[in-house]
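Structure record follows, encoded as structure tokens.
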Amino acid sequence: MISELNYFMRKLHHISGPILYWNLLAMILIGLMEGIGIYMLVPMLSLIGVFEMGSSGIHIPWLTELLHQFSENGQLLIVLLAFVFILSGQAWMQRLQTIRNTRIQQQFIRTLRLETYSALLRAQWSFFLQKRKSDFNHILTTELARVSQGTSLILQMAASLIFTAIQIGLAFWLSAKLTSLVLASGLLLFVLLRKFVRRAKQIGDQTSEFSQSYYYGITEHFNGIKDIKSNMLESSHIRWFDRICRQIERNVVQFSQLNTGTQLIHRVSAAIIIAAFIYLSLQVMSVPPANLLLIILIFSRLWPRFTAIQSNLEYISSMLPAFRIVRELKDQTEKNREIRDSKIEKGTSASRPIVPIELVDGIMCEDVNYRYEGSDTYALKNVQASIPAQGMTAIVGKSGAGKSTLIDLIMGLVKPESGRILIDGKPLTEEQLLNWRSSIGYVSQDPFLFHTSIRENLRLVDPDASEEQMWRALRFSSSASFVRKLPQGLDTIIGDRGIRLSGGERQRLVLARTMLRNPSVLVLDEATSALDSENEQQIHEALERLKGHVTIIVIAHRLSTIRTADRVIVLEEGRVIQEGGYQQLSMDSSGTFSKLLHMQAGAAGQ
Ligand code: ADP
């Protein structure tokens, strides 16, 4: 745990640099001024003879002499003016320091946010397969906010420690004996209350756990809202929500109980200790009343500092789990980095330029084996397949046969366990990965559109796309006619994930967006499965227009989509069981492909 703090503190130091020391210096100055302002009032008043301090007062002969040159009223005014001046200066500096603290904190958290987010986006695909996406949301929102809060608390704690040290120093100057007593009681109490700090961390662990479940739950439920509503699952989900909210509530209350508990102990101890001091001073040691005032002064200044430190420690402890979680994610994403290129990492202009690959010959899978992490069975086994350039290749097979996995391998999203993927005869290496991916246009089954205008959605892939280029892409994907009919045309905002468009329209828009990239390889992953025949026909026509210019890879459930395919790869249980032209395979009546064709024809005829 301490190593986590150490890590983040080093990071903070790295991000903020020398300003951190200036901040520390300002804290010391502010602490001094506050200390002087308050502590000096009584002795200064005694200095000009307002009342007698006895032996424990301060004696600064030159100051006394200086002050005694003025009239009594003048002396009082000077002392009080100095007091106002010091405290106002302190307040002003305090403000500057708070602003600087906020800057340091915000800069720190911004850097951390950016680092976490970019490390996530740069992690390889297989990393995302093992993780829940809601956990990333949770970390990027709640946990990072806690880290931010924790950092600010640590800065405050540093300030608090410096203030306290200064005040202890000043108090020592006033009365070493009394200060030692107060200090000893404070330390004793701190040791006695140690276990509360540990308990605060346990509560913090639970806070992370609950908020993670909360995020996971709400993300899942809203993703599946249609299923929830249509199957009338609302009440069971509301019950779950109620339960998790109660757990969160209990957790926060528990922390509050703990924190206020130790505060209570501190205050009660303060009352007891001060009462004991006063009793001993008056009855046993016969201390003059002015010294009694000093005792109360020292105590009332120092003790709340101890209380605040205890409270701060508990808060920081409760936030330690967030520090751990953010650090863990960073380590994991670093380990799962897709491209290990230090130049790209820094995002500098020196990073390698991305040059799309023009496919000339085709793609080859050479004896490819692949297993998903944690799975014993091979999703792909000894796969040999070739995909000719500029042709249309269909990958068919039953659900779970390995079609999507094969496409992921071809796109370089996952790496083969053994075997190679060859692009124009050259193995797909890490150096080539980004070039290769920039040549691919991918349309999934669940097309993703952002909640913004169609124009913005298209510009996402090409910020400089002209109006004409956009319309060309739209015409190409058979979407120009429906976009023209929309109330604001290209500027129509499409709802959350494009909900106000039909599945087919969304699909065609995504295809248009993909086409704007001028891909040399177009991958359609069951992109037409959910479409009706008319929409499917339109996509089909779009593909026909592309044939001969672009390498097309289609996964299709419905074999009607691929009737013009130049090549068909039939997968079954992770193996290629047939490969050849559409006509050739459909003629082979004993083959799986013709059986699949018959089955679909039969189903369509029913
Ligand atoms: P298809 O696209 O043909 O339906 P997939 O390529 O999705 O098939 O899946 C091939 C096999 O790999 C299936 O047995 C499936 O259960 C398994 N699989 C797919 N995705 C994962 C995953 N993320 N983790 C573990 N196994 C997976």
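The values are calculated or read from the model by the stated rules, or taken from the named source; none is laboratory data. This is a predicted model, so every value here is computed, not measured. Reconstructed Cβ throughout: ideal geometry from the backbone, glycine too, with neighbour counts over all protein chains shown.
One residue alone among 229, 195 is in a helix (DSSP H, G or I), among the charged types (D, E, K, R) and farther than 22 Å from residue 255 by Cα, and that residue is 229.
Condition test on residue 177, is it in the same structural domain as residue 326 (by TED's automatic domain parsing) and more than 27 Å from residue 319 (Cβ to Cβ)? Yes.
Is there any pair linking a residue in region 500-525 that is under 15 Å from residue 537 (Cα atoms) to one that is modelled with pLDDT of 85 or more, with Cβ under 6 Å and at least six apart or on different chains, and which? Within 6 Å, the pairs are 511/443; 524/443; 524/554. Per the conditions (1) touching a helix residue (DSSP H, G or I) at 6+ places or on another chain (Cβ under 9 Å); (2) within 16 Å of the ligand (Cβ to nearest atom); (3) hydroxyl-bearing (Ser, Thr, Tyr), the sole criterion not satisfied by residue 399 is (1).
Looking at region 109-126, is at least one residue among the hydrophobic types (A, V, I, L, M, F, W, C), touching a Lys or Arg at 6+ places or on another chain (Cβ under 7 Å) and within 16 Å of the ligand (Cβ to nearest atom)? Yes, region 109-126 contains a residue that is among the hydrophobic types (A, V, I, L, M, F, W, C), touching a Lys or Arg at 6+ places or on another chain (Cβ under 7 Å) and within 16 Å of the ligand (Cβ to nearest atom). Of everything in region 212-258 that is loosely packed, with under 13 Cβ neighbours inside 10 Å and of a type in the set (Asp, Glu), the residue that is nearest to the chain's Cα centre (by Cα) is 249.
When 489, 495 are checked against the criterion of being surrounded by fewer than 21 Cβ atoms within 10 Å (Cβ to Cβ), out of contact with any strand residue (DSSP E or B) (no Cβ under 6 Å at 6 or more places or on another chain) and on the phi > 0 side of the Ramachandran plot, a single residue qualifies: 489.
Among the residues of region 529-554, count how many are out of contact with any Gly (no Cβ under 9 Å at 6 or more places or on another chain) and aliphatic (A, V, I, L, M).
The first filter runs over region 529-554 and keeps only residues out of contact with any Gly (no Cβ under 9 Å at 6 or more places or on another chain), leaving 529, 533, 537, 540-546, 549, 553-554.
In the following step, the residues that additionally are aliphatic (A, V, I, L, M) were identified as 542-543, 546, 553-554.
So the count comes out to 5.
Within the set 188, 140, the sole residue that is of a type in the set (A, V, I, L, M), farther than 30 Å from residue 36 by Cβ and part of a helix (DSSP H, G or I) turns out to be 140.
Candidates 501, 413, 422: the one that is outside any helix (DSSP H, G or I), in the same structural domain as residue 384 (by TED's automatic domain parsing) and at pLDDT below 85 is 501.
In region 356-377, what count of residues is obtained for those that are within 16 Å of the ligand (Cβ to nearest atom) and either surrounded by fewer than 19 Cβ atoms within 10 Å (Cβ to Cβ) or within 21 Å of residue 561 (Cβ to Cβ) (or both)? I'd like the intermediate steps shown before the answer.
Applying the first criterion (within 16 Å of the ligand (Cβ to nearest atom)) to region 356-377 yields 365, 368-377.
Imposing the further condition that a residue be either surrounded by fewer than 19 Cβ atoms within 10 Å (Cβ to Cβ) or within 21 Å of residue 561 (Cβ to Cβ) (or both) reduces the set to 369, 371-377.
So the answer is 8.
In the set 111, 102, only one residue is part of a helix (DSSP H, G or I), at pLDDT 90 or above and under 20 Å from residue 22 (Cβ atoms); that residue is 111.
A quick yes/no check of all residues on (1) more than 16 Å from the ligand (Cβ to nearest atom); (2) part of a loop (DSSP other than H, G, I, E, B); (3) basic (Lys, Arg):
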residue	(1), (2), (3)
385	no, no, no
394	no, no, no
431	yes, no, no
449	yes, yes, no
458	yes, no, no
464	yes, yes, no
